[in-house]
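The values are calculated or read from the model by the stated rules, or taken from the named source; none is laboratory data. Keep in mind it's a predicted model, so treat the numbers as computed, not measured. With ideal geometry, Cβ positions are generated from the backbone for all residues, glycine too; neighbour counts draw on all protein chains shown. Ligands, DNA and RNA are stripped out before the accessible areas are found, and what is left, the full protein with its side chains, is counted by its heavy atoms. Shrake-Rupley method; radii C 1.70, N 1.55, O 1.52, S 1.80 Å.
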Amino acid sequence: MGLSDRRAVALAAAALVGAVSAALLLAAGGELGAREFPVDDAWIHQVYARSLLRDGSLSYNPGTPEAGFSSLLWLVVSVPAQLAARVGVPVALGAKLTSVLCAVAAAAGLGRVALALGATRRASLAAVALAALSWGNAFAAVSAMEASLALACCAWALASHLEARPLAAGLWLGEAGV
């Protein structure tokens, strides 16, 4: 597995996931794609991220700490979308872009798994393409939810394990559970 194979996998993941995500967001319409969440849990995570940024607590209603979110890691990863909202970027767009980046990482990780299993560059690129073009993964990429992040963590855990990097594998797998 050469550096050029890894680079090809990463570039293919970015291009394919980016193209599919852009197509889905455009199909939803500019305003809907930028400002709306397809599932209510995406908004819930953003409320908690805003609370974490605003007053350092995990609360849906200000002043009432609680844990009504499904992924602490996604909540933390969502904080940049809240920061971008302070300068006028719609929070939904920032969250969706974060989710798309996680989907790119997931597709690239699956390509690395294929390479580590001895697949040719072509077969590894096919794995990336299937991950990017899968309806479930494509929707997850633009949903602003934690599914792409969880898949990325699992893919990189497996790739790290296959590449004989046990510490990285353990850390990625631990993150998948957060």
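Would you mind stating whether residue 92 is in contact (Cβ under 8 Å) with a residue 12 or more places away in the chain, hydrophobic (A, V, I, L, M, F, W, C), crowded, with 17+ Cβ neighbours inside 10 Å and touching a Lys or Arg at 6+ places or on another chain (Cβ under 6 Å)? Show your work before the answer.
On the way: in contact (Cβ under 8 Å) with a residue 12 or more places away in the chain: yes; hydrophobic (A, V, I, L, M, F, W, C): yes; crowded, with 17+ Cβ neighbours inside 10 Å: yes; touching a Lys or Arg at 6+ places or on another chain (Cβ under 6 Å): yes.
Criteria met by residue 92.
Given the residues 34, 8, 19, 15, which is the only one that is at pLDDT 85 or above, open to solvent by less than 70 Å² (accessible area, probe 1.4 Å) and farther than 18 Å from residue 134 by Cα?
Answer to the check: 8.
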When you scan the stretch 112-132, do you find a residue that is of a type in the set (S, T, N, Q) and part of a helix (DSSP H, G or I), even just one? yes
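For every residue, the table says whether it meets (1) more than 17 Å from residue 20 (Cβ to Cβ); (2) touching a helix residue (DSSP H, G or I) at 6+ places or on another chain (Cβ under 9 Å); (3) touching a residue at least 12 places away in the same chain (Cβ under 8 Å).
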| residue | (1), (2), (3) |
| --- | --- |
| 110 | no, yes, yes |
| 128 | no, yes, yes |
| 135 | no, no, no |
| 153 | yes, yes, yes |
| 163 | yes, yes, yes |
| 176 | yes, yes, yes |
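Residues checked against (1) crowded, with 20+ Cβ neighbours inside 10 Å; (2) among the charged types (D, E, K, R); (3) within 17 Å of the chain's Cα centre (by Cα):
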residue: 142; (1), (2), (3): yes, no, yes
residue: 146; (1), (2), (3): yes, yes, yes
residue: 149; (1), (2), (3): yes, no, yes
residue: 154; (1), (2), (3): no, no, yes
residue: 157; (1), (2), (3): yes, no, yes
residue: 163; (1), (2), (3): no, yes, no
residue: 178; (1), (2), (3): no, no, yes
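Each row is one residue, and each column tells you yes or no for (1) of a type in the set (Asp, Glu); (2) touching a His at 6+ places or on another chain (Cβ under 9 Å); (3) more than 24 Å from residue 130 (Cα to Cα).
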site	(1), (2), (3)
23	no, no, no
48	no, no, yes
61	no, no, yes
67	no, no, yes
71	no, yes, yes
79	no, no, yes
93	no, no, yes
Kindly indicate whether residue 142 is of a type outside the set (Gly, Ala, Ser), modelled with pLDDT under 90 and part of a helix (DSSP H, G or I). yes
Going through (1) modelled with pLDDT of 90 or more; (2) open to solvent by less than 50 Å² (accessible area, probe 1.4 Å) one by one, residue 52 fails only at (2)
